[in-house]
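So the structure is just underneath, and the comments pick up after that.
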Amino acid sequence: MNIGVILAAGVSERFQSVVHKQYLKLNGKEVIYYSVNGMKESACFDKIIAVVDEDEFNSKYIANKYNITCVKGGDKRNKSIKAAIDYIADTFEGVDKIVFQDCSRPFVKKELYQEFISQLDSHSAVIMSSDINDTLSTHEGIFVNRKEYCLIQTPEAFHFEDIKAWFSPNRECTAIVNQMPDKSDVLLYKPNSFNINITYPEDLFLAEQFMNIDYLRLSSAGKVHPKIEGKVLLLGGSGGVGQCIVNALKKDNVEYFAPTHSELDLQGLTIERIQKACPFAPDVIINVAAAYANDSVNILESYDKIFDVNLRSNLVLIEYAKTLNKKVHLVLMSSSSSTRGRENLTNYSAAKAALNSVVESQGETLRAQNIIVNALIPEKINTPLIAKLHKTEISSRELLEAEEVVNSVMYYSITDEYGKLVHIRKGL
């Protein structure tokens, strides 16, 4: 029997909020949700227990909302850990492995819990750790070799009978592993992922931004792109990126339809017009078309066209995909200008930011309908439109080449990842 324990009894002294940080909203969900959800999705815990403060324990709000067991914690971290250990010892038999997780570390995914449970088969404990990247010194300014030290984080995973025997609530050390009498077989696990701890209010907002980060390493992607299986509807095939995609599809002998503007106008696009124009039911829909206008034109005058082409057409494509009643990949083209409103590109930036929100909002819902939607967020791409848009010469060292974007388009035309906003940066 394996048990996951979420430590959530802290009073958020450093955070200094009226509501304890574990119950504040992070991208619309309580911070504690991410730990609960990660453990549930891992499917490797027979029981999930949250150690909470007295008010939360009495209210039973979290227990009822997430269908987990809550145990009342103590006024110190180690007392809360002991409360969980005692509750488990008194309540369950045959407990083998136990994993402790701080509720304020929302980036731990199901795969990490699975890895920790698996690694316990060959180790006495598995502990999340990370190297120290900053210079390390004593308060007196004496140099300390940082390579001899590491940061201890959570999760921390143990064999239950072991921790029950040696853990004390009266010790000052806050990392559980520090209390182990024999550390010779402890695995210090160092993942290549974020594991920030929400300690101060700024961390909450940083975490919201970190959760939106996906990117593709062009340097390691190679020059051979994945081959699409099935038929492709390509919008924007006459542009710089679109022409590169057309060449790749031709090379791979993929059947495609890339309508001209006169064949399918994205301004005023409807499902019926797509059905009439497209000669087949596509398996992949790629939209790299875009309308541009800078603020030298009255922003109200350019609004309809910019939003029709850059946002509304993608909503029509989503609804069209639903009518196909089969698995469909949707690859939509956003822009790095969506990350922050760009001066002189008000409507363009706003439309692309709205598209990002659509992909995030619809990702899970569409996946349930067998529609895989993702958006690519490239930096400026070396196409004729760039000079027209910016009205100034831009060095090629600042520009992605269209060919670099094609591999990303092809990959997200076949992947089962969904709801992603994938950043593509020059030189990465």
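The values are calculated or read from the model by the stated rules, or taken from the named source; none is laboratory data. All values reported here derive from a predicted model rather than from experimental measurement. Using ideal geometry, Cβ is built from the backbone for each residue, glycine included, and neighbour counts are taken over all protein chains shown.
A few comments on the model shown:
- Subset of the range 63-78 (residues that are of a type in the set (D, E, K, R) and either closer than 14 Å to Val11 by Cα or not in a helix (DSSP H, G or I) (or both)): Lys72, Asp75, Lys76, Arg77
This table checks each residue for (1) closer than 26 Å to Asn2 by Cβ; (2) in contact with a Leu (Cβ under 8 Å, 6 or more places away or on another chain).
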residue: Ala125; (1), (2): yes, yes
residue: Ser129; (1), (2): yes, yes
residue: Glu140; (1), (2): no, no
residue: Thr154; (1), (2): yes, yes
residue: Phe158; (1), (2): yes, yes
residue: Phe167; (1), (2): yes, no
residue: Met180; (1), (2): yes, no
residue: Lys190; (1), (2): yes, no
residue: Asn197; (1), (2): yes, no
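- Cβ-Cβ under 7 Å pairs, at least 6 apart or on other chains, the range 155-166 side assigned by TED's automatic domain parsing to the domain that holds Asn78, far side among the aromatic types (Phe, Trp, Tyr): Pro155/Phe100; Pro155/Tyr113; Pro155/Phe116; Glu156/Phe100; Ala157/Phe116
- Here Asp283, Asp304, Asp295 are screened, and the one residue that is among the acidic types (Asp, Glu), within 21 Å of Leu235 (Cα to Cα) and surrounded by fewer than 18 Cβ atoms within 10 Å (Cβ to Cβ) is Asp304.
- The set of residues from the range 308-341 being under 16 Å from Tyr418 (Cβ atoms), buried (at least 17 other Cβ atoms within 10 Å of the Cβ) and not aliphatic (A, V, I, L, M) comprises Asn314, His329, Ser334.
- Across the range 24-61, the number of residues qualifying as aromatic (Phe, Trp, Tyr) and in contact with a Lys or Arg (Cβ under 8 Å, 6 or more places away or on another chain) comes to 1.
- Members of the range 143-165 found to be of a type in the set (A, V, I, L, M) and closer than 13 Å to Leu187 by Cα, listed by number: Ile152, Ala157
- Scope the range 169-201; condition part of a helix (DSSP H, G or I) and more than 27 Å from the chain's Cα centre (by Cα); matching residues: Ile176, Val177, Asn178, Gln179
- Scope the range 291-309; condition in contact with a helix residue (DSSP H, G or I) (Cβ under 6 Å, 6 or more places away or on another chain) and either among the hydroxyl-bearing types (Ser, Thr, Tyr) or at pLDDT below 95 (or both); matching residues: Ala291, Tyr292, Ala293, Asp295, Ile299, Ser302, Tyr303, Ile306
- Criterion violated by Gly237 - all others in (1) crowded, with 21+ Cβ neighbours inside 10 Å; (2) assigned to a helix (DSSP H, G or I) satisfied: (2)
- Single condition Thr138 does not satisfy, out of (1) surrounded by 13 or more Cβ atoms within 10 Å (Cβ to Cβ); (2) among the β-branched types (Val, Ile, Thr); (3) over 30 Å from Ala89 (Cβ atoms): (1)
- Members of the range 38-65 that are buried (at least 19 other Cβ atoms within 10 Å of the Cβ) and either closer than 15 Å to Tyr23 by Cα or not assigned by TED's automatic domain parsing to the domain that holds Ala175 (or both): Ala50, Val51, Val52, Asp53, Glu56, Ile62
- When Asn344, Asn356, Asn382 are screened for being surrounded by fewer than 23 Cβ atoms within 10 Å (Cβ to Cβ), at positive phi and in contact (Cβ under 8 Å) with a residue 40 or more places away in the chain, only Asn344 passes.
- Taken over the range 45-56, residues that are part of a helix (DSSP H, G or I) and either within 23 Å of Phe116 (Cα to Cα) or at pLDDT 95 or above (or both) amount to 0.
- Residue match in the range 262-281 (condition: out of contact with any Asp or Glu (no Cβ under 9 Å at 6 or more places or on another chain), closer than 27 Å to Thr346 by Cα and without any contact (Cβ under 8 Å) to a residue 40 or more places away in the chain): yes
- Tally of residues being closer than 22 Å to Ser357 by Cβ and surrounded by 15 or more Cβ atoms within 10 Å (Cβ to Cβ) across the range 16-26: 2
- Residues in the range 407-420 that are buried (at least 22 other Cβ atoms within 10 Å of the Cβ) and touching a helix residue (DSSP H, G or I) at 6+ places or on another chain (Cβ under 7 Å): 2 in all.
- Filter result (in contact (Cβ under 8 Å) with a residue 24 or more places away in the chain and hydrophobic (A, V, I, L, M, F, W, C)) within the range 364-379: Leu366, Ile371, Ile372, Val373, Ala375, Leu376, Ile377
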